[in-house]
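Encoded as C-alpha cells, the structure appears first; notes follow it.
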Amino acid sequence: MKKIVCLISLFVLLAAGVFAVNYTFKEVPITYDGSDTDVTKLYADPKSYDLSDPDGVADIIVKTNLDKTMAVNDVASVVFDYRGFDTIGESFILLSAIAGSFAILRTRKKGKEEDHEA
C-alpha cells in the first residue's frame, strides 16, 4: 500500500511540474533584447548613459539600479540584492522538504525496536 501511495504522489508531483513548466514557457513577448546597448559606455559612466531605449522591467533596473544598490553590474545586483531573500526562502523550503521526506520515509531497524521494549 505504501508503494502505491508513493507512486501516486510522485506522479502528482511530476504532473504538477510538467504543468508549471508548460505554463511558464508560453510565448511571452520580448520587451527589450539589449542589442543596441553600448556596454562600454554604460560601464564607463552609467549616470550619463542614454536610457531612452529600454522598456519594461529592464528600464526600471537600468535606470534605478545604481542609485538603489550602488552596484555597477546590473546582473549581480539583481541576483544578490533583489533576489537574495527569495533565494534564502527557496533554500529553506528545499531543506524543509528534504527533512520532511526523510522523517516520513525512514524505516526503523527491528533491533532498535526490541531494545526499547525490554
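Per-structure values
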| read-out | value |
| --- | --- |
| Residues of segment 67-76 classified as surrounded by 10 or more Cβ atoms within 10 Å (Cβ to Cβ) and either of a type in the set (Val, Ile, Thr) or outside any helix (DSSP H, G or I) (or both), total | 5 |
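Residue by residue, here is whether (1) part of a loop (DSSP other than H, G, I, E, B); (2) modelled with pLDDT under 75 holds:
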residue	(1), (2)
Pro46	yes, yes
Pro54	yes, yes
Asp59	no, yes
Asn65	no, no
Val78	no, no
Ile93	no, no
Ser101	no, no
Gly111	no, yes
Glu114	no, yes
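The values are calculated or read from the model by the stated rules, or taken from the named source; none is laboratory data. Keep in mind it's a predicted model, so treat the numbers as computed, not measured. So basically every Cβ, Gly included, is an ideal-geometry build from the backbone, and we count neighbours across all protein chains shown.
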